[in-house]
Structure formats: C-alpha cells, structure tokens
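Q: Before I ask anything, let me first share the structure, which is written out below as structure tokens.
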Amino acid sequence: MAASFASQADLGDKVISFTQLSENAWAYTAQGDPNSGVIIGKNAAMVIDTTATPAMAQDLIARIRGITDKPIKYVVLSHYHAVRVLGASAYLAEGAQEIIASRASYELIVERGAQDMQSEIERFPRLFRGQESIPGLTWPTMIFERKLSLMLDDLEVQILHLGPGHTKGDSVVWIPSQRVLFSGDLVEFEAGVYTGDAHLNQWPATLDALAALRPLKLMPGRGEAMQTEADCLKAIDYTRRWVQTLFESAKEAVAKSMSLKQAYDLAKSRMDPVFGTVPIYEHCMPFDVSRAYDEASGIDHPRIWTAARDKEMWAQLAVASSA
C-alpha cells in the first residue's frame, strides 16, 4: 500500500514546550517538529528560526510576551529552508530590525528559495497553517561570512557558520558565557535528520566543530533540548550516526552499481532498526537517500527540489507504508 506523500497525512497537533535553558535562553520545542530559540537580554531579544508562517509565529511571540516586553530586535535564520524562515515578517511588528543569515544561506535563497517554498508547503501542510499570511520569501538584511558577534546589552551572542552539513549555509547561535548552543538542523535528537540538501561528506567535521565548543545546553533543530554536557554530545553523536550510516550505505550502493531503489532498500535495512520509530523518519528517508546517492555519485552541489521532482522521486521509490 502506498504511503501518503511525505507528511501530508501528519495532521495531529504536537505538545509545545517553552523551556528555560539559562538566565537568558529559552527553547521552543514540539515533539519532533521544528524548534525555535529565544535569547532575551536587558534591552532586546533575539529569535532563532521563525516557524513556517507569520500566523504560526504568533504562539511563540505570545510566549515571549509572557516573560518580557523587550523588543525582538534580531531574527536569526539557521538556514534557508522555508519551514524555518517564512514566519519572519511576524517579528517585524515586534520590533525586529535585522534578519540575519550566512552569505551561503542568502545564496541558496537566491538560487532555490521559491522552489523550496512550494516544495515544503506541499510536503508538510500542517506546518504551514496560515500560509496565506506569508508575504513571500524571507530576505536577510544582514549577511555574515563566518562569525558575527552581537551584544544584547552586556550579553555577547555569537552567530557562527562552522561549515556545511544540513545545507551549505548552516548557522548556529552560541552564548559563550553560558555555553548555550542553538544548532539549527545541524543537530537533531530522537527525530528524523533531513539530508535532502546536505553535504554529507563534510557534515561530520562540522559536528566536530560543534562538539569542540563544549556546550552545556543545546537546542537541536528537532527534538527536546539537551540540558547537560553529556546529553549535548549524545545529540551530536545521534546526528553523526544517522549521517554516516546513510552515506556509507549510499557509497556502497553506488560502488555496486545499484539503482536508487536498491540504494533506498539497503539504507532502510540498516537504519530502520536504529531510527525507524522516530518522528518524520519515513518522510526523510526517500529525500535523504536520493541526496546521499547523488553525492556518492559525484554530485557535490545538491540538486534543487521542486514540488514536481518530489513526487517523481516518491513514485520512483514506490515508498510503501507498513499497512
């Protein structure tokens, strides 16, 4: 029996948590849905990832307003994916002055932002409730190369591009004085790791750079917030295991001249026992294997996903449900 395409059948609401990580940092998490982060200084606040629509951003804004009336001055985009960035306009009314992204993320918005927007909306409609409130693509107003340091009064916040991984432009947000890390989708925990636009060969080295920060608290892109140094490393290792198992399977498939469908079956046979029950696993795997197979075949720059390509790939793999 064919499974519903991507996450079109995932319509159930998730329980949202708003967890304080440190004196200044909070994690907005929702049982495997995309997370957002909040940093509140003496005179201003910062939001890391915006939710997918301005309408859906209102819940996070309400939670922020429950603890502070300070203006949300900065919005940081951890990467270019629509589910992370298209709610940004909601924060402009809350005082946002800058929308910050890495140069590589800006380049990806230029290259494929419109295609990604349509693709993601069709893959996961629940996360794009109120899509009519989206005014268009989100464009950064401040672009950095490798490191940007901002002061929220006396609190230093660093925005770092440590290397490719989930995309070529991933940024993390780091509070060095408190060792709190917001990783974006470079790190996930007990949730699917989407790699459809990834640089799998380089991702482990970027994870090494994250681990070298020695975070005490970590909010991953999906999954619960990590509250100890040991758990931060556990989440990083979880992501590393997914990436390496996937890519090693793809390299073996290409070396043996397997088809994409055979590569998919091989990867599933190795990953199902370890990861098969986590949220959005079945959604991620067809896209993940497609990208891993491409990269193992020598396609370094990820091909652009479009709504049409998504469905063609899904049909090619004849993704089956467990029913």
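Q: Only one of these is of a type outside the set (Gly, Ala, Ser), more than 18 Å from the chain's Cα centre (by Cα) and either closer than 25 Å to LEU162 by Cα or part of a loop (DSSP other than H, G, I, E, B) (or both): ARG214, ARG270. Name it.
A: Details: ARG270 fails: either closer than 25 Å to LEU162 by Cα or part of a loop (DSSP other than H, G, I, E, B) (or both).
None of the other options fit; the residue is ARG214.
Q: Ok, one more. For the range 232-258, give me the residue count where each residue is among the small types (Gly, Ala, Ser) and in contact with a Phe, Trp or Tyr (Cβ under 9 Å, 6 or more places away or on another chain). Step through it out loud before you land on a result.
A: Initial filter on the range 232-258 (among the small types (Gly, Ala, Ser)): 235, 249-250, 253, 255, 257.
Imposing the further condition that a residue be in contact with a Phe, Trp or Tyr (Cβ under 9 Å, 6 or more places away or on another chain) reduces the set to 235, 250, 253.
Adding up the residues that qualify gives 3.
Q: Can I ask one more? If the requirement is being under 20 Å from LEU148 (Cα atoms) and surrounded by fewer than 18 Cβ atoms within 10 Å (Cβ to Cβ), which of these qualifies: ARG214, ARG241? Explain how you work it out, then say what you get.
A: Values: ARG241 fails: under 20 Å from LEU148 (Cα atoms).
Within the list ARG214, ARG241, the selection yields ARG214.
Q: Okay, moving on. Restricting the range 221-233 to residues that are under 22 Å from SER36 (Cβ atoms) and assigned to a helix (DSSP H, G or I), which is most open to solvent (accessible area, probe 1.4 Å)?
A: ASP231
Q: Give the residue that is nearest to GLU122 (Cα to Cα), with candidates limited to residues of the range 1-37 that are part of a loop (DSSP other than H, G, I, E, B) and at pLDDT 95 or above.
A: Restricting attention to the range 1-37, the residues satisfying the condition of being part of a loop (DSSP other than H, G, I, E, B) are 1, 3-16, 21-24, 31-32.
Next, from what is left, pick out any that are at pLDDT 95 or above: 21-24.
Details: LEU21: 34, SER22: 37, GLU23: 39, ASN24: 36 Å.
Per the stated criteria, the residue is LEU21.
Q: When both residues are 6+ apart or on different chains and their Cβ atoms are under 9 Å apart, which pairs have a first residue that lies in the range 232-258 and is without any contact (Cβ under 8 Å) to a residue 12 or more places away in the chain, and a second that is open to solvent by 10 Å² or more (accessible area, probe 1.4 Å) and among the hydroxyl-bearing types (Ser, Thr, Tyr)?
A: MET258/TYR293
Q: Can you list residue pairs whose Cβ atoms sit under 9 Å apart, with the first residue in the range 275-289 being at negative phi and part of a loop (DSSP other than H, G, I, E, B) and the second being small (Gly, Ala, Ser) and modelled with pLDDT of 95 or more? Count only pairs 6 or more apart in sequence or on different chains.
A: VAL278/ALA191; VAL278/GLY192; VAL278/GLY223; PRO279/ALA191; PRO279/GLY192; PRO279/GLY223
Q: Related question: Within the range 164-205, work out how many residues are out of contact with any Cys (no Cβ under 8 Å at 6 or more places or on another chain), assigned to a strand (DSSP E or B) and open to solvent by less than 10 Å² (accessible area, probe 1.4 Å).
A: Number satisfying all stated conditions: 7.
Q: Scan the range 145-163 for residues that are open to solvent by less than 10 Å² (accessible area, probe 1.4 Å) and small (Gly, Ala, Ser) and jot them down.
A: GLY163, the sole residue that qualifies.
Q: Restricting to the range 255-267, count the residues that are open to solvent by 40 Å² or more (accessible area, probe 1.4 Å) and either among the charged types (D, E, K, R) or part of a helix (DSSP H, G or I) (or both). It would help to see each step written out before you state the result.
A: Step one: list which residues in the range 255-267 are open to solvent by 40 Å² or more (accessible area, probe 1.4 Å), which gives 255-259, 261-262, 265.
Add one more test, that the residue is either among the charged types (D, E, K, R) or part of a helix (DSSP H, G or I) (or both), and what stays is 255-256, 261-262, 265.
Counting residues in the range 255-267 that are open to solvent by 40 Å² or more (accessible area, probe 1.4 Å) and either among the charged types (D, E, K, R) or part of a helix (DSSP H, G or I) (or both) gives 5.
The values are calculated or read from the model by the stated rules, or taken from the named source; none is laboratory data. Values in this document were obtained by computation on a predicted structure and should not be read as measured data. As a convention, Cβ positions derive from the backbone with ideal geometry for all residues, glycine included, and neighbour counts pool all protein chains shown. The area values use the complete protein model at the heavy-atom level, side chains included, leaving out ligands, DNA and RNA. Shrake-Rupley method; radii C 1.70, N 1.55, O 1.52, S 1.80 Å.
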